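Read through the structure below, which is laid out as structure tokens, and then see the notes.
The values are calculated or read from the model by the stated rules, or taken from the named source; none is laboratory data. This is a predicted model, so every value here is computed, not measured. Neighbour counts run over all protein chains shown; Cβ positions are idealised from the backbone, glycine included. Note: accessible area is taken over every heavy atom of the protein model, side chains too, but ligands, DNA and RNA are not part of it. Shrake-Rupley method; radii C 1.70, N 1.55, O 1.52, S 1.80 Å.
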Amino acid sequence: EGEAPLAASALPCPVRFAGPGRWLVFGGLAETPAGAARVDMSGAWVRIGLEGPAAAALLAAGTGARLDAEAFAEGASILTRWNRHALSLARLGETRWEIAVSRSRALDLWEALRAAGAEFGVEAVGP
């Protein structure tokens, strides 16, 4: 996945891998790190929290990615698809996940997660 231009712990906000040389930074930065460019996309993304003992199974069923703790450690993130939704997925804790999705797809994804989550015992919550 590569290394962030700054250590994630040095930033006051979450940093997510978005492709070679690209990173999503959620939150404000007082200044742009040296060698980096910044584009404000805050109006384009919505963050959704997903939590529960079966959250990884629910997400894996829609992505096909291996999301167990051994393969996908806390703090890891990927760009993937969940069913028909392109999104950034990050593991925040043992049973807590954060999804970033385009604003235009957020409501549809929220409703799909709530419907699918009931089967897995997972509840969609705000970040």
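For every residue, the table says whether it meets (1) closer than 19 Å to Val15 by Cβ; (2) of a type in the set (A, V, I, L, M).
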{"residue": "Met41", "(1), (2)": "yes, yes"}
{"residue": "Val46", "(1), (2)": "yes, yes"}
{"residue": "Gly49", "(1), (2)": "yes, no"}
{"residue": "Ala57", "(1), (2)": "no, yes"}
{"residue": "Ser77", "(1), (2)": "yes, no"}
{"residue": "Ala106", "(1), (2)": "no, yes"}
Quick check on the stretch 65-72. Is at least one of its residues of a type in the set (Lys, Arg), part of a loop (DSSP other than H, G, I, E, B) and in contact with a helix residue (DSSP H, G or I) (Cβ under 8 Å, 6 or more places away or on another chain)?
yes
Over the stretch 74-127, the set of residues open to solvent by less than 80 Å² (accessible area, probe 1.4 Å), charged (D, E, K, R) and farther than 18 Å from Pro53 by Cα is Asp108
List the pairs whose first member sits in the stretch 92-108 and is within 21 Å of Ala18 (Cβ to Cβ) and of a type in the set (Lys, Arg), whose second member is modelled with pLDDT of 90 or more and open to solvent by less than 70 Å² (accessible area, probe 1.4 Å), and whose Cβ atoms are under 6 Å apart, counting only residues at least 6 apart or on separate chains?
Arg105/His85
Long-range neighbours under 7 Å by Cβ, at least six apart or interchain, first residue at pLDDT 90 or above within the stretch 59-77, second part of a helix (DSSP H, G or I):
Leu67/Ala56; Leu67/Leu59; Leu67/Ala60
